[in-house]
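What follows draws every value from the coordinates through simple rules; no lab data is involved. A quick note: this is a predicted structure, and the numbers were derived from the prediction, not measured. Cβ atoms come from the backbone with ideal geometry, glycine included; neighbour counts cover every protein chain shown.
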Amino acid sequence: MAQALRVVLDTNTVLSALLFAQGRLVPLREAWQSGALSPLLCAQTVEELLRVLAYPRFKLTPEDREELLADYLPFGEVIAPWKKSPVVPACRDKYDRAFLELASVGAAKWLVTGDQDLLRLSRQLKFQIIAPVAAVGLLTSPK
């Protein structure tokens, strides 16, 4: 079996893959469940996921949130806290920095995001920043 592709999935990507059972990002969920993808996790990114899952607009009960987390977190690879922040480009959203740092420290192949601010930074980093639909296309294209 091929080694899992190390990736960082931003919060909106994870939410879309989890919340929309018939959505276009289902192949991402299937890829982490099958071991083709290894989502990298750290305290900051998990905290953001927990915070966003609790937004009232999602109308998720605590049980719903627990079930969604159980469909994601066990498949991830936890990256230990880093002592020195890696050099990453500045970003407008303070929550985005954790995803950039995690991808850098965790030696990710991709940071998967729909965030245009992050997508614009792709050429400045050692890892690729790609849109979720592009990630699905790369995962599902014939080898």
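The table that follows gives values for the structure above.
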{"read-out": "Residue among SER16, PRO62, GLY106 farthest towards the positive dipole end of the chain, charges placed on Cβ", "value": "GLY106"}
{"read-out": "Spin-label model distance (nm) - ARG51 vs GLU30, 7 Å beyond Cα toward Cβ", "value": "3.3"}
{"read-out": "In nm, spacing of pseudo-spin labels at THR140 and TRP82 (7 Å Cα→C-beta vector)", "value": "3.2"}
{"read-out": "Mean separation of Cα contacts under 8 Å, 6 or more apart, over the residue count of the range 44-143: relative contact order %", "value": "19"}
{"read-out": "Computed [θ] at 222 nm, deg cm²/dmol, the chain (DSSP H ≥ 4; -39,500 (n - 2.57); rounded to nearest 500)", "value": "-12000 deg cm²/dmol"}
{"read-out": "Considering only the range 5-140, percent of DSSP beta bridges that pair antiparallel, nearest 5", "value": "0"}
{"read-out": "DSSP-assigned coil residues among chymotrypsin sites (Phe, Trp or Tyr not before Pro) in the range 1-106, each with at most 14 further Cβ atoms within 10 Å", "value": "PHE20, TRP82"}
{"read-out": "Length added when fully stretched, ALA70-LYS126, from 0.36 nm per residue minus Cα-Cα", "value": "17.1 nm"}
{"read-out": "Dipole magnitude of the chain about its Cα centre (Cβ charges: Lys, Arg +1; Asp, Glu -1), debye to nearest 20", "value": "580"}
{"read-out": "Ranking of VAL136, VAL87, VAL112 by count of other Cβ atoms within 10 Å, fewest first", "value": "VAL87, VAL136, VAL112"}
{"read-out": "Efficiency of FRET between GLN22 and GLN44 - r from beta-carbon atoms, R0 22 angstrom, step 0.05", "value": "0.10"}
{"read-out": "27 Å Cα cut-off, lysine pairs counted over the chain (separation 8 or more, or different chains)", "value": "12"}
{"read-out": "Whole-Å distance, taken between Cα centres, linking the range 1-32 and the range 105-143", "value": "12"}
{"read-out": "All-pairs Cα distance distribution in the range 5-140, expressed in whole percent, bin size 10 Å", "value": "12, 46, 35, 7, 0"}
